[in-house]
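Each value in this text was obtained by applying a stated rule to the coordinates, not by laboratory testing. Values in this document were obtained by computation on a predicted structure and should not be read as measured data. Here the Cβ is made from the backbone with ideal geometry for all residues, glycine too, and neighbour counts use every protein chain on show.
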Amino acid sequence: MSDEINRLRVAVQKKGQLAERSLGLFEQAGIKLIKGSNDLLYRAENFPVDFLRVRDDDIPQFVGSGACQLGIVGENVLYEEAPTDVPELGIIKKLGFGKCALKIAVPSNIPYADVTSLQGCRVATTYPKLLKKYLDRQGVNAEIVFMSGAVEVAPRMQVADVICDLVSTGQTLASNGLIAKDTVLESQAVLIKNDTALPELLQELVERLLKRVEGVLATRETKYIMMNAPETALESIIDVLPGAGSPTVTPLAGKPGLIAVHAVCQESVFWETLENLKECGASAILVLPIEKMML
Ligand code: PRT
Ligand code: ZN
């Protein structure tokens, strides 16, 4: 059997905001990469998978065409670039990084009540498809000016009246005298998959790799929590524990009426949670990270 049929291909961004965390996710899942001379393709030495390192704009096409079985891309790029004739291209998981929002932003001297204020305006953007869909839904007719970058300078250069661009901290807008208005799309990095049927071996590999990635994502928020408490406090402790299912309860040696409660919490454990547990009567509360998990 040829090597290609034996190995998975995952498309990731080569350089940029998503690059490091995309490969990092698989490295955390135990994949060891050979970062050798081939800059375009990183091979894994301990799992039959290769990572195709490309521009993020090309990732939906690579996965949609079946050249790669999986990929990581921002939702903004996915919805802008996804080939419309490939319905099998689907999101498997939101990954919680690369968070940003595609927003309308206007110079302070432009009166703006709501999106209908854009009627007849020129709007500069790198996301013409997403913007057009949004404006059409609102019944607004505006001229869309495509720019491949530096969109924030468009009003100053009088190329457009307002812009529609990605915003993260808001610093770029502020330093260009622009004010964020309507949100066209909230976005984050997502794991995408080509859903067309695969040869059995590749399908098995996809499932194995996804199980590991799911394990990594699950452990990010998940904590192991332990405490001592009076037996009578058990019910109120269970109410307070975030996403804990059924905890393990054991008696404390030589301390009648006292128990140890151990639980895996699927959601963040905040200081408030610990304060609430204390109020229920719990003591010696420990919160531990979980290194690996298979669901
Ligand atoms: O070369 P390639 O095409 O692969 O990279 P690229 O230059 O197109 O993309 P890159 O690396 O800038 O971004 C990749 C993805 O990261 C985007 O498609 C988004 O999904 C996500 N992302 C998250 C962001 C931002 N945050 C972000 N802040 N992408 C871009 N920005 C830019 C934005 O365009 C603006 O210029 O950062 C500026 C705004 O940032 P703030 O913090 O000043 O608001
Ligand atoms: Zn890009």
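General remarks:
- GNM result for the chain, Cα springs below 10 Å: residue of Val73, Val206, Val264 fluctuating most strongly: Val264
- Mean Kyte hydropathy of -0.5 or more with a Cα span along the axis of at least 15 Å, helices from DSSP in the chain: 200-221
- Long pairs among Lys32/Lys129; Lys99/Lys292; Lys35/Lys193, criterion Cα-Cα beyond 29 Å: Lys32/Lys129
- Hz values of 3J(HN,Hα) by residue in region 146-153 - Karplus curve (6.51, -1.76, 1.60), Gly and Pro given as x: 7, 9, 7, x, 6, 4, 5, 8
- Cα point-scatterer Debye curve for the chain, base-10 log of I(q)/I(0) at q = 0.07, 0.13 Å⁻¹: -0.41, -0.97
- Over all pairs of different C-alpha atoms in region 193-295, the reciprocal of the mean inverse distance, the Kirkwood hydrodynamic radius, equals 15.6 Å.
- Peptides 124-132, 94-102, ordered by how many other C-beta atoms sit within 10 Å of their residues on average, highest first, read 124-132, 94-102.
- Label point distance in nm, Ile179-Lys35, each placed 7 Å from Cα along Cα→Cβ: 4.4
- Working note: Karplus 6.51/-1.76/1.60 with θ = phi - 60° gives region 184-198 the couplings 7, 7, 8, 9, 8, 5, 10, 8, 10, 9, 8, 8, 5, 4, 10 Hz, where Gly and Pro are set to x.
- Extension gain from Ala150 to Lys292, taking 0.36 nm per residue of separation minus the Cα-Cα distance: 46.9 nm
- Sites Val159 and Gln17 - FRET efficiency at Förster radius 25 Å, r taken between beta-carbons, to 0.05: 0.50
- Inter-part distance where region 238-295 and region 30-74 are each reduced to a Cα centre, Å: 40
- With helices as the sole contributors, the chain gives -7500 deg cm²/dmol at 222 nm; each DSSP H run of n ≥ 4 counts as -39500 (n - 2.57), and the sum is divided by every residue.
- Net +/- balance of residues flanking Ala11 in space, Cβ distance below 13 Å, scoring K and R +1, D and E -1: 0
- At R0 = 25 Å, FRET efficiency that the Cβ-Cβ distance of Ala284 and Ser236 yields, to 0.05: 0.90
- A cut-off under 15 angstrom between Cβ atoms defines the neighbours of Arg137, and their net charge, with Lys, Arg +1 and Asp, Glu -1, is 0.
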